[in-house]
Amino acid sequence: MFHLATPEQIRSGQVTDVYFSRAQQVLRAKGVDANVRAEFIAKSLPEGWPWAVLAGQEECREVLASLPVRVRMMAEGTVFYPYEPVMEIEGRYSDFGVFETALLGLICQASGIATMAARCKRAAGGRDLISFGARRMHPGIAPMIERNAYIGGCDGVAVPLAAELVDHEAAGTMPHALILLFGDTVAATLAYDEVVDPRVKRVSLIDTFQDEKFEALRVAEALAGRLYAMRLDTPGSRRGDFYRILEEVRWELDLRGHEAVKLYVSGGIDERAILELNPVADGYGVGTAISNAPVVDFSMDIMEIEGRPVAKRGKLSGAKRVVACEGCGVRAIIPLQGGRAECGCGGRLKDVLVPFADSGRFEWEQPPADEIRSYVLEQVRGLALE
């Protein structure tokens with residue numbers, strides 16, 4: 001038995017913090033209930049991130065589909081900033097209160113993964129970025145991790161089941177185990193070339209037995225133009241100056257006419273390493289940095305009861321709009337009722353927090369993963385990482 005909640009258990013509210021269940025018990029016993037608005041916001045973002053990417057909406061639909069509530073939500077893949085409500089639920093508290101834990105869990109982790117993927121892709125620029133992190137987390141959530149890594153900006157994912165979610169072939173190279181069992185890097189690479197579907201790009205792993213430079217030259221010469229790339233996964237304990245290793249391999253390959261062979265790197269890569277290695281690398285396999293990305297610390301809080309603005313200390317009461325100026329791009333949080341229609345620059349304000357669901361009826365169909373990914377990359381183009 002795997003320690004995973006079933007979809008039915010999540011939809012029925014069984015995955016909730018017990019104090020929400022006990023609160024419902026008290027409210028029912030005392031006949032207390034009300035129509036409320038509750039918003040989901042993050043007051044700050046992990047590690048000083050200036051922005052984040054909203055993800056997890058597709059799974060939120062599965063929870064919201066049977067609830068008699070109205071929901072406003074940012075589109076999946078939308079870049080958001082601290083204090084901006086990314087979702088608002090309006091309805092009887094008794095109808096949705098026990099789903100707070102599940103809904104938060106669905107967007108907190110997914111948004112962290114998508115944001116880290118977007119940051120890595122922003123750092124990598126036009127270089128390839130492959131998600132390699134499924135092995136670092138529970139296999140039951142590997143498809144969720146890789147799907148959100150893809151919509152955040154990764155060019156490929158490694159797990160076939162996750163690849164099906166984004167309608168692409170799984171991406172990968174070869175493991176050290178293959179080379180160890182053949183006893184030689186060239187022999188393993190030639191066998192791979194002979195057996196694996198020719199549509200799969202040939203990427204050889206060159207750091208198993210010998211110095212990377214000499215293995216690179218042996219493999220490049222043995223595959224005679226069929227080699228797409230080489231991957232260096234050199235352990236940190238043996239690297240020395242990884243930049244210099246890559247620079248040396250690139251020099252020797254180019255000197256012998258192998259300019260077309262790309263260099264991929266993996267092993268402890270994050271956005272900072274990407275920025276450092278960009279001059280000598282053509283692509284990255286990023287694992288733990290994405291799959292174990294910091295969660296975005298959303299909270300759900302009531303800010304209106306029976307139409308009356310009310311909120312706990314530290315929160316702004318009342319329903320809100322999140323708007324962006326179509327002219328200058330500036331964003332603002334303004335009251336839902338009586339808020340201005342124009343920016344100070346004269347541009348029209350467009351709502352970012354928009355109607356999403358009404359008693360299980362959704363305002364739009366969920367777009368395919370490629371469309372969400374393109375939306376993310378368009379937004380983060382030009383955004384600073386710090």
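Odds and ends about this structure:
- Pairs from LYS121/LYS312; LYS30/LYS320; LYS121/LYS201 whose Cα-Cα separation, in the structure shown, is over 28 Å: LYS121/LYS312; LYS30/LYS320
- The share of C-alpha pairs in region 262-320 whose separation exceeds 17 Å stands at 60 percent.
- Proximal lysines to LYS315, defined as alpha-carbon separation beneath 19 angstrom and excluding residues fewer than eight positions away on the same chain: LYS43
- When the alpha carbon coordinates of the chain are projected onto the principal axes, the ranges are 77, 57, 35 Å, largest first.
- Partner aspartates and glutamates for LYS350 [C-alpha distance under 20 Å; skip if fewer than 8 residues away on the same chain]: GLU39, GLU76, GLU84, GLU88, GLU326, GLU342, GLU363, GLU378
- Which of ALA177, ALA118, GLN337, positive extreme of dipole for the chain (C-beta unit charges): GLN337
- Residues ASP297 and GLN366, FRET efficiency given R0 of 22 Å [Cβ-Cβ distance, rounded to 0.05]: 0.30
- Label-point separation in nm, GLU378 to ARG244, each point 7 Å along Cα→Cβ: 4.6 nm
- Against the main long axis of the alpha-carbon atoms of the chain, helix 212-223 sits at an angle near 80°.
- Once the Cα atoms are used to define both axes, helix 185-195 deviates from the longest principal axis of the chain by about 70 degrees.
- Fully extending the segment from GLU169 to ALA29 would add 45.0 nm, taking 0.36 nm per residue of separation and subtracting the current Cα-Cα distance.
- Cα pair distances of region 172-284 binned at 10 Å [whole percent]: 14, 51, 31, 4
- Net charge, LEU383 excluded, C-beta distance under 13 Å - Lys, Arg +1, Asp, Glu -1: +2
- Taking region 189-228 and a reference point 7 angstrom along Cα→Cβ of ALA260, the backbone N atoms nearer than 16 Å belong to 199-204, 220-228.
- Once the chain from SER21 to ARG199 is taken as fully extended at 0.36 nm per residue, the excess over their C-alpha distance is 58.8 nm.
- Over all other residues within a Cβ to Cβ distance under 11 Å of VAL15, the charged ones net out to -2, with Lys and Arg as +1 and Asp and Glu as -1.
- The slack in the chain from SER359 to ALA224, taken as 0.36 nm per residue of separation less the alpha-carbon distance, amounts to 42.5 nm.
- Local net charge near ILE333, Cβ-Cβ under 10 Å (Lys/Arg +1, Asp/Glu -1): +2
- Percent antiparallel among DSSP beta bridges (both partners in the chain, rounded to 5): 70 percent
- If only the Cβ of Lys and Arg carry +1 and only the Cβ of Asp and Glu carry -1, the dipole of the chain around its Cα centre is close to 1220 debye.
Values in this text are rule-based calculations from the coordinates and carry no lab data. Keep in mind that what you see is a predicted model, and the values were worked out from it rather than measured. All Cβ positions, even for glycine, are placed from backbone atoms using ideal geometry, and neighbour counts span all protein chains on display.
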